[in-house]
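Heads up: the structure comes next, in structure tokens.
What follows is calculated from the coordinates using simple rules that are stated; it is not laboratory data. Remember, it's a predicted structure, so these values are computed and weren't measured experimentally. Cβ sites come from the backbone with ideal geometry, for glycine too, and all protein chains shown count toward neighbours.
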Amino acid sequence: AMPSLVSVLRSRGACLTAWIATPEPLIAESAARAGFDCVTLDMQHGLHDPVSVMRGIGAVALAGVPAIVRIPVGDFAMASRALDMGASAIIAPMINSAEDARAFATAAKYPPLGERSWGPVRAMQLSGVSDGAAFLRDTNAATLTFAMIETRAALQALDEILAVPGIDAVFIGPSDLSIALSDGASVDPMRADNQAAAADILARAHAAGKLAGIFAITGEQARHYRKLGYDLIALGTDGMYFRLGATTMLAEAKAE
Ligand code: 3PY
Ligand code: MG
């Protein structure tokens, strides 16, 4: 059976996730086999669609690590579908109010936390749980909801978002947050004011008993975030892995 992100977090403390935009299962499986703790399939800026998410989750499961899906903005029905296909967690972008957070939780959690509709055939097969009652009992706790905090509105509503019972975690989008905090003047995740805002979000999430994740563009940034205590750290994207590998190998080949 495919391990859940919750169980991997429990055993390792923090997880590094690959971030895959290309809707090809072999790319997701390769990332899983490269040693990431989990693999995220991106439907917001990546090219994944419902069918490639279904196939990608299967490929990641084959490699024995959990899959996460980032849904498109506001497409909370997709959160239910991705969970039905066996996603271990959902990252929802641009959660800017308690209302957004409640709509997300409503789609992602079974009653009494939400109103997720029943139909988890693939998820049950991957989890190895064949008893519907047991799956219903355990799944709200085993599948994580990450609300992305990446606007001024989200920062203002943070405590209300954190108070929504079906929201398990926040996930900081440091690029969008840096654009928002500079009123569009710059995109710079490491800018001091942006890092201070991120540290504040992390502290408030943990104080509320919720998990916190963030996106890192380099290995060095990811190490920095690991030391700060983030629970989930996304590292780069498939495009970056390809480019970095290709340019490094070409430079070696062309060296005198
Ligand atoms: C952001 O940095 O805005 C993100 O959404 C990271 O994926
Ligand atoms: Mg973003």
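Values as computed for the structure displayed
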| quantity | calculated |
| --- | --- |
| DSSP-defined beta bridges in the chain - what % are antiparallel, rounded to 5 | 0 |
| Structure-based [θ]222 nm, the chain - -39500 (n - 2.57) summed over DSSP H runs of at least 4, per residue, nearest 500 | -14500 deg cm²/dmol |
| Rg in Å to one decimal, and Dmax rounded to a whole Å, for the range 1-92 via C-alpha atoms | 11.7, 32 |
| Value of relative contact order over the chain, rounded to a whole percent, pairs C-alpha under 8 Å and six or more apart | 18 |
| Simple spin-label estimate for SER130 and VAL51 in nanometres, 7 Å along Cα-Cβ | 3.1 |
| In Å, descending, principal axis extents of the Cα set of the range 46-173 | 42, 33, 21 |
| 24 Å Cα-Cα reach of LYS210 towards lysines, excluding residues that sit fewer than 8 places from it in its own chain | LYS109, LYS227 |
| Likely footprinting exposure, MET94, MET2, MET249, fewest C-beta neighbours within 10 Å first | MET249, MET94, MET2 |
| Value in Å of the Kirkwood radius, where the chain supplies the Cα pairs that are averaged | 18.3 |
| Part-to-part distance (alpha-carbon centres) for the range 205-256 and the range 176-204, which is given in Å | 18 |
| Cα-Cα pairs of the range 155-249 separated by more than 16 Å (percent) | 58 |
| Size of charge dipole - the range 5-254 - debye, nearest 20, with Cβ of Lys, Arg +1 and Asp, Glu -1, no other charges | 560 |
| Highest to lowest packing among 7-13, 17-23, 75-81, scored as the average C-beta count within 10 Å | 17-23, 75-81, 7-13 |
